[in-house]
Amino acid sequence: MPGEEKDDPPAKRKSEGIAVFLRMRPTKQPSKFYDVGENEGRGQSLRWDIQPDAVTKDGEYIYNTKTQWAFKFDQVLPMDISQAQVFDRVGKHVVQNALDGYNSTVFAYGQTGSGKTFTITGGSERYEDRGIIPRALSMIFQEFRSRSDCSWSAHISYMEIYNEQGFDLLNESSGVKALQDLPRVRMMED
């Protein structure tokens, strides 16, 4: 209720706005040039510090190469994180906000092969590898069952943006399987 002095975590979540997470894809030989650290109490930062001898040839910098970068995130997820932990940190509060009546979105961005599909949809080999979408759907339908005092209507969209084109991945009416043959998503104003 407004004016109450108690801590209200759901209200706090709703006012957070956009949160940016970095999931580091597991590799057999992780780079020795990066470091994850705190970002002055406001999330985490990923710093790259490449030693000059790694970017030089005969003591000269190759193409005036930059050797240090720093990127800020709300949280950097480590290489060994499980899909369940990813959902708990990234998706669970988003789903809860949607169930509480707020528009909510999880947006995965990255280069080809960086692990977006695995994070969002999961792997098909093991049940533990379910991604954010199947876990979100499970949570939604569990809440539907537990909140029997409410009437529910769910509308779900799943789209891919590729080369600045949107594709509706849940459109069964088209009967096509190739990405380029799917219907394009168009921007419309209400």
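The values are calculated or read from the model by the stated rules, or taken from the named source; none is laboratory data. In this text, all values refer to a predicted model and were calculated from it rather than measured experimentally. Don't worry about glycine lacking a Cβ; one is built from the backbone with ideal geometry, like all the others, and counts go over all protein chains shown. Just so you know, the surface numbers come from the protein's heavy atoms only, side chains and all, with ligands and any DNA or RNA stripped out. Shrake-Rupley method; radii C 1.70, N 1.55, O 1.52, S 1.80 Å.
How much accessible area per residue does region 69-166 have, in Å², with a 1.4 Å probe?
70 Å²
Taking 7 Å along the Cα-to-C-beta vector as the label spot, tell me the Trp152-Ile50 distance in nanometres, rounded to one decimal.
Those two pseudo-labels are separated by 4.9 nm.
For a test of the definition: using alpha carbon positions, the gyration tensor, and the 1.5 limit on a/c, classify region 88-128 as rounded, prolate or oblate.
Here region 88-128 falls in the oblate category.
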